[in-house]
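Below: the structure, in structure tokens.
The values are calculated or read from the model by the stated rules, or taken from the named source; none is laboratory data. Here the structure is a predicted model, which means the values were calculated and not measured. Here the Cβ positions follow ideal geometry from the backbone for every residue, glycine too, while neighbour counts run over all protein chains shown. Side chains included, ligands, DNA and RNA excluded: accessible areas come from the protein's heavy atoms. Shrake-Rupley method; radii C 1.70, N 1.55, O 1.52, S 1.80 Å.
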Amino acid sequence: KKIDYEYLANDPWAAQSSIWDENPLAQVPVLLLEDGTRVFDSRVIVEFLDNASPRAKLIPADNRDRMEVRRWEALADGVLDAGVLVRRERARKKKEQSADWIERQLKKVDAGIKLMSRELGENAWCAGTAYTLADIAIGSCLGWLTFRFPENTWRDTYPNLAKLMAKLEERPSFQDTVPKG
């Protein structure tokens, strides 16, 4: 989008985190505007930035096309939410963990990835014929899963998603959206 910005890392779980000053929900990301307005929630931030510049629109104007992109985004968010719930449950003391809860959440992760693969099919991009927010959302989701659940073999099971991910990982603008190491 060619929008100037300053990136600041902030771990919301760190004891000295300033996230409470930036977002009353203590979640990242937060976009701080020049006038001091704090914009939180990824969906709100993306829509604001997409409309701040006419370059490389990530969210289509057409209602049906926009719904399709947002549908992919919701799928990615749901898979990520389930993955985070698994990680939080596994962080509890072993005797307090619910194996049924973990299994239910992992089932959501697997079902979501399966749907991603089926919906992508042999298409080059998730929604339409160009790179959109749908691809960013799915790529970020799959990148996070690879980082947090290396035992998940989605790349082997779904080669079409692996192909999409390889294409996304080549994009400099995408490389900053997934965790490293």
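Anything in the stretch 15-32 that is part of a loop (DSSP other than H, G, I, E, B) and surrounded by 10 or more Cβ atoms within 10 Å (Cβ to Cβ)? List them, or say none.
SER17, SER18, ASN23, PRO24, LEU25, ALA26, GLN27, VAL28, PRO29
Pull up the stretch 33-48, narrow it to residues that are in a loop (DSSP other than H, G, I, E, B) and open to solvent by less than 40 Å² (accessible area, probe 1.4 Å), then point me to the one that is farthest from GLY143 (Cα to Cα).
Among them, the one singled out is GLY36.
Out of curiosity, is VAL79 within 19 Å of GLY139 (Cα to Cα) and either of a type outside the set (Ser, Thr, Tyr) or more than 17 Å from the chain's Cα centre (by Cα) (or both)?
In short, yes.
Need at least 1 residues that are in contact with a Gly (Cβ under 8 Å, 6 or more places away or on another chain), open to solvent by 30 Å² or more (accessible area, probe 1.4 Å) and not hydroxyl-bearing (Ser, Thr, Tyr) per element, so show me which helices (runs of 4 or more DSSP H) inside the stretch 49-166 make the cut, counting only ones lying wholly within it.
63-90, 99-120, 133-148
Sort through THR129, THR153 and tell me the only one that's out of contact with any helix residue (DSSP H, G or I) (no Cβ under 9 Å at 6 or more places or on another chain), without any contact (Cβ under 8 Å) to a residue 12 or more places away in the chain and under 21 Å from LEU58 (Cα atoms).
Testing whether each residue is out of contact with any helix residue (DSSP H, G or I) (no Cβ under 9 Å at 6 or more places or on another chain), without any contact (Cβ under 8 Å) to a residue 12 or more places away in the chain and under 21 Å from LEU58 (Cα atoms) leaves just THR129.
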